[in-house]
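Encoded as structure tokens, the structure appears first; notes follow it.
The values are calculated or read from the model by the stated rules, or taken from the named source; none is laboratory data. Computed from a prediction, not measured in an experiment: that's the story for all the values here. With ideal geometry, Cβ positions are generated from the backbone for all residues, glycine too; neighbour counts draw on all protein chains shown. Remember, those area values only see protein heavy atoms, side chains included, never the ligands or the DNA or RNA. Shrake-Rupley method; radii C 1.70, N 1.55, O 1.52, S 1.80 Å.
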Amino acid sequence: MWAELLPVGRSAASGGYRRFAWNSADAECRAWFEQQARDRGLTYELDRNGNQWAWLGDPHGEGAVVTGSHLDSVPDGGAFDGPLGVVSSFAALDELRARGAEFTKPLAIVNFGDEEGARFGVACIGSRLTAGVLSREAAYELRDADGLRLPDAMEKAGYDPTALGADDERLSRIGAFVELHVEQGRYLTEGQPVGVAGAIWPHGRWRFDFHGEANHAGTTRIEDRRDPMLTYANTVLAARKKAKLAGALATFGKVAVEPNGTNAIASLVRGWLDSRAADERTLTELVAEIERAAAERGDRDGVRVELTRESYTPVVDFDGPLRDRLAKLLDAPVLPTGAGHDAGILASAIPTAMLFVRNPTGVSHSPAEHAEVADCLAGVSALADVLEDLACQ
């Protein structure tokens, strides 16, 4: 399974992946998922939000146990973030069948669409829609870098977007969701190969628009310039400093410039901030401080600054009894995480938990992302133990 997925959407130049929602690489991944389901005699289903499901047992039964993750990537991302969870889910089912496990509850494997938000700027779109965190109306307004709306992209890929929206009936039938994921940190490097997630830091994405004045780079005097690039650059530095002081995280990882000419002073710079903190108060105060620093610098540069919050996820405490049950079952440590996941989105509606597989370097969202084969196999066995405990009692 891993070898089949490995070349899909991979850039020859960077070695990273470009599996974005509803593009050709995404279509290949989706076809692979459907084939894996059918090869195992599972009932394949596409839900109203474009998420893929593979069912063992009655898809309409109560108390279903669900596992899975996502197959899309960030720009030039690694091979493990998302796909490890999906591949491990199918492998765990294979292991349970080899054990002769007898299922007493329906079991499903899911591939949630557009988890990374690389194309439309909002993370976890598939699970957000399902949980009602993202409305149909808001989803219809999302556009990619080319101005194409989300529903139009879905239609172009052969999917019907008219039914997008909350799927309360589906969620009411799920007793637990467990997502396996490569660790995006290094808590496990000296310990066991598998850990259990305790909580997800609150996090969000904010767009800063720096409005200046376009002019000639070679003829405009320094004192006559209203250069938004200066304000943007100062804001990036301020964000790093203030995040460090707060014990939090702040990253400007995406920028767009207009008119984007080498010999032209920009008229507009857009910078996207990703910020995360251990608690919501710290995060709110941090973003406010970054906005204040941007506005103060903008006043000096003659640049107008606008801030738009594009997405936000509050702190997620995974279901306590489920978390403790898995940690005891696996004799595994409980770990914090600053990364968002579909499991975090669904936690407000159903009991959810996460397993982490050791990442020796801690590098993620990069082609250097890695997990050893032995650790991946340990993750499969751990997930099989969890699914057997939850779905075979």
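Evaluation of Ile174 against the conditions (1) surrounded by 20 or more Cβ atoms within 10 Å (Cβ to Cβ); (2) within 24 Å of His365 (Cβ to Cβ) shows that the sole unmet condition is (2). Among the residues of segment 298-320, write down those that are at pLDDT 95 or above and assigned to a helix (DSSP H, G or I). Hits for segment 298-320 are Gly298, Asp299, Arg300, Asp301. Against the list (1) part of a loop (DSSP other than H, G, I, E, B); (2) among the polar types (S, T, N, Q); (3) open to solvent by 30 Å² or more (accessible area, probe 1.4 Å); (4) modelled with pLDDT of 95 or more, the condition Thr220 fails is (3). Taking (1) farther than 20 Å from Asn111 by Cα; (2) outside any loop (DSSP other than H, G, I, E, B); (3) touching a residue at least 40 places away in the same chain (Cβ under 8 Å) in turn, Gly344 satisfies each apart from (1).
Could you tell me which of the residues Ala123, Ala139 is aliphatic (A, V, I, L, M), in contact with a strand residue (DSSP E or B) (Cβ under 8 Å, 6 or more places away or on another chain) and at negative phi? Step by step, each of Ala123, Ala139 is checked, and only Ala123 is aliphatic (A, V, I, L, M), in contact with a strand residue (DSSP E or B) (Cβ under 8 Å, 6 or more places away or on another chain) and at negative phi. Residues of segment 37-76 that are open to solvent by 50 Å² or more (accessible area, probe 1.4 Å), more than 26 Å from Ser135 (Cα to Cα) and not in a loop (DSSP other than H, G, I, E, B): Arg38, Asp39, Thr43.
Per-residue answers, yes or no, for (1) in contact with an Asp or Glu (Cβ under 7 Å, 6 or more places away or on another chain); (2) under 30 Å from Ser24 (Cβ atoms); (3) touching a residue at least 12 places away in the same chain (Cβ under 8 Å):
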position	(1), (2), (3)
Glu155	no, yes, no
Tyr159	no, yes, yes
Arg173	yes, no, yes
Val178	no, no, yes
Ala197	no, no, yes
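For segment 209-225, filtering for residues that are in contact (Cβ under 8 Å) with a residue 40 or more places away in the chain and either touching a Phe, Trp or Tyr at 6+ places or on another chain (Cβ under 7 Å) or over 15 Å from Arg270 (Cα atoms) (or both) leaves 7.
Tally up the residues in segment 239-266 that are farther than 26 Å from Ala118 by Cβ and either part of a helix (DSSP H, G or I) or in contact with a helix residue (DSSP H, G or I) (Cβ under 9 Å, 6 or more places away or on another chain) (or both), please. Residues meeting the conditions: 7.
Selection of segment 359-385 for residues being among the polar types (S, T, N, Q) and not in a helix (DSSP H, G or I) yields Asn359, Thr361, Ser364, Ser366.
Residues are listed down the side, and each one gets a yes or a no for (1) surrounded by 14 or more Cβ atoms within 10 Å (Cβ to Cβ); (2) more than 20 Å from the chain's Cα centre (by Cα); (3) more than 23 Å from His365 (Cβ to Cβ):
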residue	(1), (2), (3)
Gly100	no, yes, yes
Thr104	no, yes, yes
Phe112	yes, no, no
Val133	yes, no, no
Leu142	yes, no, no
Leu148	yes, yes, yes
Glu155	yes, yes, yes
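Of all residues in segment 348-363, those satisfying the criterion of being modelled with pLDDT under 95 and open to solvent by 30 Å² or more (accessible area, probe 1.4 Å) are Ser348, Ala349, Arg358, Pro360, Thr361, Val363. Hey, can you tell me all the residues within segment 160-206 that are within 21 Å of the chain's Cα centre (by Cα), of a type in the set (D, E, K, R) and assigned to a loop (DSSP other than H, G, I, E, B)? Residues satisfying the conditions are Asp167, Glu183, Arg186.
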